[in-house]
Every structure is written in C-alpha cells, then in structure tokens.
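Peer 1: Here's a structure for you.
The values are calculated or read from the model by the stated rules, or taken from the named source; none is laboratory data. Please read all numbers here as calculations on a predicted model, not as lab measurements. Cβ: placed from backbone, ideal geometry, glycine included. Neighbour counts: every protein chain shown. Just the protein is used for accessible areas: all its heavy atoms, side chains included, with ligands, DNA and RNA removed. Shrake-Rupley method; radii C 1.70, N 1.55, O 1.52, S 1.80 Å.
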Amino acid sequence: MSKEALVTAVKQIMAQARGGDVEGSFDGYAKLYASPEFAANKPEDQRQALKLLILQKRQGQPSPKLVEAHRAAIPALTELVSTLNEPEDYELLGLCHLMIGNEEAASNMFRQGLTLERERNPASDLCGRLMTRVAAI
C-alpha cells in the first residue's frame, strides 16, 4: 500500500464517520490495520493512521466494533514497538490493550514507555501522559 493509498483509505474512513456512520468507520479502521499492505508503510505513516482511532476523544461505553478496531491495531503496534522501541508506540499499544480490557498488558506498556521516555526527556508531555496513565490503572 503506497502512502497515497493509505491517505485515500484514511480519508474515506474519516468521511464515513463524519457522514454519521461511526460504527462503519470502526470497521474501516479494523480492515485497514489488519491488511498486510498497512505494515509496508513507513512507521511514521502507520503511527499517524493508528492515532486517528486510538487518540480520538470518546464518551460512554465503547461499542463492540470500536473494541475490535483497537484489537486489529495491536499487531501493527506490536511490530512498531518491537522494531523501533519508541515510547509513543508503547502508549498507543497500552491504550489498545486498555480498550480491549487487558489492564495488565496496558500497564506494562505504559510503564515500558515511561521508562524509555524518562531516559530521553523526563520533562516531556509524553512522560507526563504516561505517568498519568500508569497512575490511573
């Protein structure tokens, strides 16, 4: 999947959500993240596409489709974490685990990311977010 194809897919998913089919957009994200072509994109492009779903503000109970979209993101994030070891990826992976109900794995991811980020920049916003996430579990 080229970057252009990724951008087109994300635009279609976002248009679907803006058009009122939020649940359908979750299916779109799940299909995108699970596609083998998604992993062929640059890590920063994958990360941006993952953030669109994972960092979205929500209220209320998550729907089953939202949970499944987060579950579909876990393999891609696991690959990013294992190859790049970036604290931000640990945060995203932790949020996915939290969404699917795996608090222990989420806590482990947040702690791992926090350890890495403290070494790099203990005063960063990411460090603060990770400390808050660890404390909340």
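Peer 1: Once label points are set 7 Å from the Cα along Cα→Cβ at both A40 and T78, what is their separation, rounded to one decimal in nm?
Peer 2: Taking the simple label geometry, A40 and T78 are separated by 2.3 nm.
Peer 1: On a 0 to 90 degree scale, rounded to 10, what angle separates helix 125-136 from the longest Cα axis of the chain?
Peer 2: It is inclined by approximately 80 degrees.
Peer 1: Using the Cα centre of segment 12-137 as the reference point, and only Cβ charges (+1 on K/R, -1 on D/E), how large is the resulting charge dipole? Debye, rounded to the nearest 20.
Peer 2: 280 debye
Peer 1: If you average the alpha carbon positions of segment 9-70 and of segment 105-132, how far apart do those two centres end up, in angstrom?
Peer 2: Measuring centre to centre over Cα atoms gives 24 Å.
Peer 1: In degrees from 0 to 90, rounded to the nearest 10, what is the angle of the helix 22-34 Cα long axis to the longest principal axis of the chain?
Peer 2: So the helix axis and the longest Cα principal axis differ by about 70 degrees.
Peer 1: Please turn the phi angles of segment 11-17 into ³J(HN,Hα) values with the Karplus equation 6.51 cos²θ - 1.76 cosθ + 1.60 (θ = phi - 60°), one per residue in order, whole Hz, x for glycine and proline.
Peer 2: Rounded to whole hertz, the list is 4, 5, 5, 5, 5, 4, 5.
Peer 1: Taking 0.36 nm per intervening residue step and subtracting the Cα-Cα distance, what contour gain separates A123 from E104 on full extension?
Peer 2: 4.3 nm
Peer 1: Given R₀ = 35 Å, what would the calculated FRET efficiency be for T115 paired with A5, taking r from the Cβ atoms and rounding to 0.05?
Peer 2: My answer for the efficiency is 0.45.
Peer 1: For the chain, what is the calculated [θ] at 222 nm in deg cm²/dmol (nearest 500), taking -39500 (n - 2.57) for each run of four or more DSSP H residues and dividing by its residue count?
Peer 2: Theoretical 222 nm ellipticity from helices: -25000 deg cm²/dmol.
Peer 1: What FRET efficiency would be calculated for the residue pair R18, Q61, taking the C-beta separation as r and a Förster radius of 25 Å, to the nearest 0.05?
Peer 2: So the FRET efficiency works out to roughly 0.70.
Peer 1: Let me ask something else. Can you work out the accessible area per residue across the chain, with the rest of the protein chains kept in place, probe 1.4 Å, in square angstrom?
Peer 2: 55 Å²
Peer 1: Moving to a separate point now. What is the angle, in °, between the Cα long axis of helix 64-84 and the longest principal axis of the Cα atoms in the chain? Nearest 10 is fine, range 0 to 90.
Peer 2: Between helix and principal axis, roughly 60 degrees.
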